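**Q** Okay, here's the structure, questions in a sec.
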């Protein structure tokens, strides 16, 4: 299938081609024609890195009436990084179309600056839930006339404690509006929101785990003693010859220790962990995106909303607590049709967790000796 066959206009197609998006992914194939041609509620379950931004972005942008200067659509995202990235993608998608104005708002930036930007004509607001509620309470943002709410990475928003904010926003916009919900997993708490705020006849699309998780990712593991882990990692990094990747730890203490150890070995490494200020986090992400840093050491919580192109590998220095986290972690590589490597460093007692991951995610790991 091509994007034109899915019903995408020539102007949007030109914008997509220019940024290298030429072949639709599974979620794009199933979401775009439905959302462009119908006013429906939609629930899409697909892993991180499967092209969800274009899957909802192109239909959303197609539905904007540029002659109306009020806010017509809302996109909710768990982190400022993801929000900024969605707004940036929208800007690129619309390079050859009539001008559609998207504004991105989030915590961690002076609210006055965002209020000033919102005084200009705005068609779409991309927001983190907490900041949006602040702006609605100050009567700066009017969401009463929106036609569509998109919830991106909905499971992440709940795990970050945004449930109350989401229900507030959804209840303030009931009436004639469609909800498009995209999520990698469907926890019970998400079903509560779906049952209350999403139309019973919503179209549901679930991209098969094996389609989403396997694609382009080579899953490997190495068994060794805890004491030899750092040496194993250093050996692996040598084989990568300067390629870029993220190394995940389960705890912030392990993350801090590992980043110090890698710095001592002269690796250009940045650390992301939950207790950092937004300013520190932005500084690290800027350096990583600019390729000043080759490696990121990150905890699961700190990595939410990260999207960096062309990562060659992900290393699980410690296995995650939850199966979904493995999917979120490994989905950071092999994005947009590229290939990547996901390497887990485990002890003998953890091999059974690897076998569990294989069973539950429908993937195959190869053991490196």
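**Q** Within region 53-149, considering only helices (runs of 4 or more DSSP H) that don't extend past its boundaries, which have at least 1 residues that are surrounded by 15 or more Cβ atoms within 10 Å (Cβ to Cβ) and touching a helix residue (DSSP H, G or I) at 6+ places or on another chain (Cβ under 6 Å)? Before the answer, list the steps.
**A** Details: elements: 80-93, 111-118, 129-137.
Ranges flagged: 80-93, 129-137.
**Q** Follow-up question, since we're still on this one. Here are some residues: 310, 266. Which one is in a loop (DSSP other than H, G, I, E, B), over 19 Å from residue 334 (Cα atoms) and outside the structural domain of residue 151 (by TED's automatic domain parsing)? Please lay out each step first, then the result.
**A** Working: 310 fails: over 19 Å from residue 334 (Cα atoms).
266 is the lone residue from the list that is in a loop (DSSP other than H, G, I, E, B), over 19 Å from residue 334 (Cα atoms) and outside the structural domain of residue 151 (by TED's automatic domain parsing).
**Q** I'd like the residue in region 355-369 that is modelled with pLDDT under 90 and loosely packed, with under 11 Cβ neighbours inside 10 Å and, out of all such residues, is nearest to residue 221 (Cα to Cα).
**A** The selected residue is 369.
**Q** Now a separate question. Please specify each residue of region 214-261 satisfying the condition of being part of a helix (DSSP H, G or I), more than 24 Å from residue 349 (Cβ to Cβ) and either touching a helix residue (DSSP H, G or I) at 6+ places or on another chain (Cβ under 9 Å) or without any contact (Cβ under 8 Å) to a residue 24 or more places away in the chain (or both). Give the steps one after another, and end with the answer.
**A** From region 214-261, those part of a helix (DSSP H, G or I) are 214, 226-239, 252-261; that's our starting set.
With more than 24 Å from residue 349 (Cβ to Cβ) added as a condition, the list becomes 214, 237-239, 256, 259-260.
Within region 214-261, 214, 237, 238, 239, 256, 260 meet the criteria.
**Q** Return yes or no: is residue 43 outside any strand (DSSP E or B) and in contact (Cβ under 8 Å) with a residue 40 or more places away in the chain?
**A** Details: outside any strand (DSSP E or B): no; in contact (Cβ under 8 Å) with a residue 40 or more places away in the chain: yes.
Here the answer is no, as residue 43 does not meet what is asked.
**Q** Kindly indicate whether residue 288 is under 19 Å from the mean Cα position of the chain (by Cα), closer than 20 Å to residue 346 by Cβ and buried (at least 20 other Cβ atoms within 10 Å of the Cβ). Quick ask: steps written out before the conclusion?
**A** Numbers: under 19 Å from the mean Cα position of the chain (by Cα): yes; closer than 20 Å to residue 346 by Cβ: no; buried (at least 20 other Cβ atoms within 10 Å of the Cβ): yes.
When the stated conditions are applied, residue 288 does not pass them.
**Q** A further question follows. I'd like to know if region 326-336 contains one or more residues that are within 23 Å of residue 258 (Cβ to Cβ), in contact with a helix residue (DSSP H, G or I) (Cβ under 7 Å, 6 or more places away or on another chain), in the same structural domain as residue 262 (by TED's automatic domain parsing) and without any contact (Cβ under 8 Å) to a residue 40 or more places away in the chain.
**A** yes
**Q** Still on this model: Residues being outside any loop (DSSP other than H, G, I, E, B), surrounded by fewer than 16 Cβ atoms within 10 Å (Cβ to Cβ) and in contact with a helix residue (DSSP H, G or I) (Cβ under 9 Å, 6 or more places away or on another chain): count how many of those fall in region 269-281. Talk me through it step by step, then tell me what you get.
**A** The first filter runs over region 269-281 and keeps only residues outside any loop (DSSP other than H, G, I, E, B), leaving 269-272, 278-281.
Now narrow it down to the ones that are surrounded by fewer than 16 Cβ atoms within 10 Å (Cβ to Cβ): 278-280.
Among the residues that remain, those that are also in contact with a helix residue (DSSP H, G or I) (Cβ under 9 Å, 6 or more places away or on another chain) are: 278.
The total comes to 1.
The values are calculated or read from the model by the stated rules, or taken from the named source; none is laboratory data. In this text the structure is predicted, and so the values were computed from the model without any measurement. Virtual Cβ from ideal backbone geometry, glycine too; neighbours counted across all protein chains shown.
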